[in-house]
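Structure record follows, encoded as structure tokens.
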Amino acid sequence: MLSKINNFIDKHPYIFRIITAVLAGFLTILLAESVANIIYDLVPTWQFTNDQAMFYYMGKQLALGKTPYIDFYDHKGLYLFYYLALGYLMGGKIGVFFIQVINLSIFFYVYLLICKVINFSTRKTLIAVLLFVGLYGTFHQSPSDFEVQMVLVAFCLYFYIRGIKEDSEKMFLIGNIFTGLSAGLDINVRASDAMVPLSLVIFYLIYEIRKKEVANIFINAGVCVFSLLLMCVPPFIHSYIGGFTEEMYDAIIFSNFKYVSSVGSSSSFSMQTILMRLVVVLFSVGMVLLVFFKRKEISKEEALFHYVSIGVVGFIQFVIAMFPHYFITCFPYLCLFFLRIISLYKHGDKVEKGLGFAGVFLVIFSSIFYPVDYYAFERNNALAVKEFIDATISEEDKQNTTLCYTCSTGLYLNSNMVSCLPDFAAQTNHGAIKKEFSDEVLIPYFKKGDVQYIIVKENHETGIYKWLKGYGQLYFEKVDDSSFKGGQYIDIYHYITYL
């Protein structure tokens, strides 16, 4: 059976790559998607992470003609909104799912080309695919900014690896076009994600300086910068015509780095941050040692590529040290790295099989844990909350006067609501970086009565929740939730209009 498969692959490599890429793309999204998944009818509103629902909401608002950073706010860039808006316009939830599968299928096709360049066997190639699917599915981060960036990351790696393997300036030149495009995309999605193109640029500088080919540096730098600026043109034109250029750059540049630094500094000595930094250090040192002990069995250029990639990304991750999912754009490199380097060791074949089993385990885990969690708990919660909101708030008020304060954005999506304020669900985070979203500004605004309904998590000890339970009772009264299971999860406060 295996020999027949190998014969088919040898005779029809393009068909094999297309079929594998589409199947892998579909499986990855099926495992990783939590908001627009075809197997979930409601958006999770409790345990599943809130970021994906926020991204979907923003894409939907853009598709419906709302203005980014004015009508809805986050410190992500327009390409993320474009991606999800396009999917939404193609058919709502089904359209988003479809465009995600297409996007990841393109990624996997390039990923398979990289495996071919590295001379991976069919088994090793399938393990590389399975490992990536398992890792991405387990992190359950879809739709996400990482997902949007993944195709260009794959192209960067493909041409750089070919450049190293073939000692080809042409491949490096093409690679630097994609590096510029990738960096431009990152700036207009989330600037702090640009660690992969940065590591490649630093490698190329060192590589050319060692070869004493300084002229190549200037040529490639020009191409890279031009590509970066070219990628920035569509968002700039859109923001200029829409009148939100200043707000956009304040969000994606200044607020983004302020957010990363403020969250990082506020949790510098938390147990999670300490453990994250310890893992980053141990992981980075371990990877460097794996390369060092086998440096004579690979080219100097490849060894340099690994050292620089590990060093740059490891340093950035050490500084950020927030959340494990910040590693996701590095997953393609990590999967390929371990399968490439481990095979050089004495018991590499056994470790390779172990990585294969790990990929299978992660796929099985994701395909069981998240659906079971959804249907055993998440859906019941989402449905109860939806029924409570739908019975309490009119359709008109849902579109004009309702605000969810630090709640899951799934509340908006399930009940077809639109936030009456730009900062729709992450006020405690954004309030730390933008004064206009802070409690000090919101409370006087709430007193005016423009916000008729405030939805908060039950017993969530935020400043606004404490105000609503205290002095805020002069302005807002809690809606009776005794008849609704949704009252176990959220509280709804209604403005007292007679004041």
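The values are calculated or read from the model by the stated rules, or taken from the named source; none is laboratory data. From a predicted model like this one, the values you see are computed outputs, not experimental measurements. We place every Cβ from the backbone using ideal geometry, glycine too, and count neighbours over all the protein chains shown.
Here are the numbers for this structure:
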quantity	calculated
Selected residue [more than 22 Å from the chain's Cα centre (by Cα), over 20 Å from Val153 (Cα atoms) and surrounded by 16 or more Cβ atoms within 10 Å (Cβ to Cβ)] from Leu290, Leu304	Leu290
Candidate set: the stretch 375-426, residues that are of a type in the set (Phe, Trp, Tyr) and not assigned by TED's automatic domain parsing to the domain that holds Ser483; chosen: the one farthest from Tyr489 (Cα to Cα)	Tyr375
Those helices (runs of 4 or more DSSP H) lying entirely in the stretch 393-460 with at least 3 residues surrounded by fewer than 22 Cβ atoms within 10 Å (Cβ to Cβ) and either touching an Asp or Glu at 6+ places or on another chain (Cβ under 6 Å) or free of Cβ contacts under 8 Å to residues at least 40 places away in the same chain (or both)	395-400, 439-448
Out of Ile177, Ile237, Ile161, Ile187, sole residue that is surrounded by fewer than 21 Cβ atoms within 10 Å (Cβ to Cβ), assigned by TED's automatic domain parsing to the domain that holds Ser309 and within 26 Å of Phe315 (Cα to Cα)	Ile177
Residue among Val372, Val385, Val360 that alone is hydrophobic (A, V, I, L, M, F, W, C), surrounded by fewer than 19 Cβ atoms within 10 Å (Cβ to Cβ) and more than 16 Å from Gly134 (Cβ to Cβ)	Val372
Odd one out for Phe55, checked against (1) surrounded by 21 or more Cβ atoms within 10 Å (Cβ to Cβ); (2) more than 12 Å from the chain's Cα centre (by Cα); (3) aromatic (Phe, Trp, Tyr)	(2)
Scan of the stretch 464-480 for residues that are in contact with a helix residue (DSSP H, G or I) (Cβ under 7 Å, 6 or more places away or on another chain) and hydroxyl-bearing (Ser, Thr, Tyr), ordered by number	Tyr475
Selection count where residues are surrounded by fewer than 16 Cβ atoms within 10 Å (Cβ to Cβ) and either in contact (Cβ under 8 Å) with a residue 60 or more places away in the chain or in a helix (DSSP H, G or I) (or both), scope the stretch 193-215	8
Qualifying residue in the stretch 91-98 (condition: in a loop (DSSP other than H, G, I, E, B), in contact with a Phe, Trp or Tyr (Cβ under 8 Å, 6 or more places away or on another chain) and of a type outside the set (Lys, Arg))	yes
Members of the stretch 340-397 that are among the hydroxyl-bearing types (Ser, Thr, Tyr) and touching a strand residue (DSSP E or B) at 6+ places or on another chain (Cβ under 6 Å)	Thr392
